[in-house]
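Engineer: Take a look at the following structure, please.
The values are calculated or read from the model by the stated rules, or taken from the named source; none is laboratory data. What you see is a predicted model, and the numbers here were worked out from it, not measured in a lab. Cβ placement follows ideal geometry from the backbone for every residue including glycine, while neighbour counts extend to all protein chains displayed. In case anyone asks, the SASA skips ligands and DNA or RNA and just uses the protein heavy atoms, side chains included. Shrake-Rupley method; radii C 1.70, N 1.55, O 1.52, S 1.80 Å.
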Amino acid sequence: MRILDRYLVREIVPPLLLALLGLTFVLMLPPIMQSLANLIAKGVAWTVIVRVLVTLLPQALSVTIPMALLYGILFGLGRLSADREFVALQACGVSLFRLLRPIALLAAVAAAATAYETIVALPDANQNFREITFNIVASGAESDIKPRVFYQNFPNRVLYARDIERGGLWREVFLADASRPDQTTVYVAGRGRLIIDRVKQTVTLLLEQGTWHTTFVKKPEEYEGSSFDRIVLDMDANTVFPRAQIIKGDNEKTIAELRATAALNRRSGAPFAAQLYTIQQKFSLPAACVVLALIGVALGATNRKEGKLGSFALGTGVVFVYYVLLYTARAGALAGRVWPSVAPWLVNVILGGAGVALVMWRAGSADRPISLSMPFLRRLRRPVPAVSAARSGRPVVVVRIPHLNLPRPNLLDVYVGRQYLSVFLVAFVALVGIFYIATLIDLADKLLGGVASTSVLLRYFYFATPQYVYYIIPMAALVATLVTIGVLTKSSELIVMRACGISLYRSALPLVLFGVIFSVLLFVLQEQVLVESNREAQRLNAIMRGYPMQMVGVLNRQWIIGRHGDIYRYQVFDPHRDRFSQLSIFHLGDRGWHLEQLTYANEVVLERGGEDSLTWVAHNGWTREFGTTTRRGAVRTAVQYAPFAEKAVSLESPTYFKTDEPDADRMTYSELRTYIGELKASGYQVIPYQVQLQQKLAFPFVAVIMTLIAVPFAVTTGRSGAIYGIGVGLVLAIVYRTALSLFGALGSGGWVDPTLAAWAPNILFGATAAYMLLTVRT
């Protein structure tokens, strides 16, 4: 390989690897955030957690390798363009076609890697991920039971625990058993725990120091009950140890399995276009590396001055167009308008032809930028001639405003801030574009299969964007700081500033102020926007994926805990008419965990007496009062049964039953703090909520933390190039997100103090930033 080839490879490979790291991290961020904390909370071994995360890599790499190749070529050639090295190459007689040789080699390597991911690694990795996570979720029943949450995964049984100690021991347990027809047994116990024998695959429920009460649906006057010191109940082991085999989908099948499925579907008259499309897509994605390489050469080999920022914007636009065309062709294939074996190649043919044409045109005009003529912009830019006051003959009134010495940015602040904002906006828009691409890829099957409409997808984008913006603002701030300081360092402008008596701290002050502004913006987003947008995005996501609808938790909740500890169970609740059907009220003792009263009614309606008088009236039901009596030195349960045709009952207001179950993600800081106070007053477990409360304060500071840690990193790596600094920054972002999930899970599990768990990532990274700022040359 000649010197020029090696030189080009060295320029392209570092940004290629950096783009591969960043894009893979961005695409894997949602599943990492969803899976990591849950796996840690379930007590899954670290080896299994690493296996789960590794199985996500092929799915991401099959998409990000072609994208990273495009970014690498654009970044590498963009640097040569900005430094006018193409002028020197042209002066030496080096044509554009001569540059294609090393780039073609890189495209071939990228295509081979993509082919391995799509053909070999992806099917096995997807199937392994589904099997591992399925077994973890299904076999994690003991860790899935949360305090103050009704656990309904056991068939015909509902379990509720007011508190759970670290060792898995439940305190104050309520269990409703409807496994036998026409009767319901309720257990109220002081302690309990789930005992799972994974070798024998048996599951038992141990309850201690409680009572049990059995009522009969068709014979309400009959009753059975007693107290117990210890009782063991056998549970359904199939709910903990699943025996169902996970059927492979198209993405989990090899080419041979896809062909067999397509042949079987064709013989049986079932649709087989999806299998034929998937087979060809496994080959069209590797070929996309060659297509994107051609486009990268055509767009990057110029004498423009935009450098890496322009390359970043161009690359994101090309990638977005590629995947929109790809999934448009897929829609045509599944709809029967395009032959499925041809559809995956259409985008390669279209963009490949455009790439060849652009390369041919660029070879003859390498110094001319690709631009669109917009005459109206030139007209808008023409200066408007000023009308002289003397010529107009009109009197001129001069108003002198007193000069106030207010603090304001000087020329240096404007210069640094302008560079920072330009990089931030490009990084922000590009990351949002990647979010749209990733979401489109994830939901393409639902959209093309007719499960979701385009309007629903666009609405989902609208409501899901604030949450993603909440995550990418710190990353965009990190990239902007690294690039800005890195460019100032490489161009020796920081040295000039020092020579003029301006320290690094003063030069970086505008960047820190922007970090503070972004932190405030994050907190405002969290308090004012995310609560409602996340709820609507979750609803739309459930519609597109076909999940059961959670109609504000009202129509299908059936079990709910009251403000004063009463437990309500109802068959149907009509929020428009304020009407319950088959309502049971379990009133538990205030001075101990025992059942004092059980009320049942076929119907309960809200009646309005006066202007502000609201009364719940129960119809056709009965009430049982539970007490104790002493006979011959033995304490026995006394039961008083009283049927009624109509009776006023005490319930919460209608709005209490029409709202969601308390969820920290759908509550503001003040609402969550109030809710925690109520839980504490009732003696409930609040540690997980305390962690989430502190995280609402801690996370917005990440913009400032990332800015502070980026400044010394950029100074020390500036001479190595901004790309190297960005690579370090992305690694820091990955480590920070991992630490945030890790400490959050440890805090929720009670292993770390809640406040420390929420603030630990900021403390660690803030201390590192302070040390580096104090030791870097200023």
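Engineer: Give the ranking of 759, 339, 361, 559 by solvent-accessible surface, highest area first, calculated with a 1.4 Å probe.
Structural biologist: On the way: 759 65, 339 145, 361 95, 559 20 Å².
Largest accessible area first, the residues go 339, 361, 759, 559.
Engineer: In square angstrom, rounded to the nearest 10, how much accessible surface does residue 594 have for a 1.4 Å probe?
Structural biologist: Result for residue 594: roughly 70 Å² accessible.
Engineer: Starting from one equal scatterer on each C-alpha and no solvent at all, send me the Debye-based log10 I(q)/I(0) for region 177-221 at q = 0.17, 0.27 Å⁻¹, two decimals.
Structural biologist: For region 177-221 at q = 0.17, 0.27 Å⁻¹, log10 I(q)/I(0) is -0.64, -0.93.
Engineer: Rank 489, 328, 768 by accessible area, highest first, at a 1.4 Å probe radius? Could you put the intermediate results ahead of the total?
Structural biologist: Numbers: 489 15, 328 85, 768 65 Å².
Putting 489, 328, 768 in descending order of accessible area: 328, 768, 489.
Engineer: Run the accessible area of region 412-528 with a 1.4 Å probe and give the carbon-and-sulfur part as a rounded percent.
Structural biologist: Numbers: 3510 of 4880 Å².
That share works out to 72 percent.
Engineer: Can you tell me what the convex hull of the Cα atoms of region 59-101 projects to on average, as an area in nm²?
Structural biologist: On the way: hull surface 13.6 nm².
Convex hull of Cα atoms, orientation-averaged projection: 3.4 nm².
Engineer: Just for the Cα atoms in region 451-514, what are the lengths along the principal axes, largest first, rounded to whole Å?
Structural biologist: Result for region 451-514: principal-axis Cα extents of 64, 21, 12 Å.
Engineer: Let me ask something else about it. Please work out how much length the chain gains when fully extended from residue 228 to residue 673, using 0.36 nm per residue of separation minus the C-alpha to C-alpha distance, in nm with one decimal. Before the final figure, lay out the partial values.
Structural biologist: Details: separation 445, 0.36 × 445 = 160.20 nm, distance 3.85 nm.
Length difference between fully extended and current span is 156.3 nm.
Engineer: Leaving ligands, DNA and RNA out of it, work out the accessible area of residue 290 with a 1.4 Å probe and give it in Å² to the nearest 10.
Structural biologist: The accessible area comes out at roughly 80 Å².
Engineer: Measure off 7 Å from each Cα along the Cα-to-Cβ vector at residue 498 and residue 775, then give the distance between these two points in nanometres to one decimal.
Structural biologist: 1.7 nm
Engineer: For 97, 272, give the ranking by accessible area with the largest first, probe 1.4 Å.
Structural biologist: Values: 97 100, 272 55 Å².
Largest accessible area first, the list is 97, 272.
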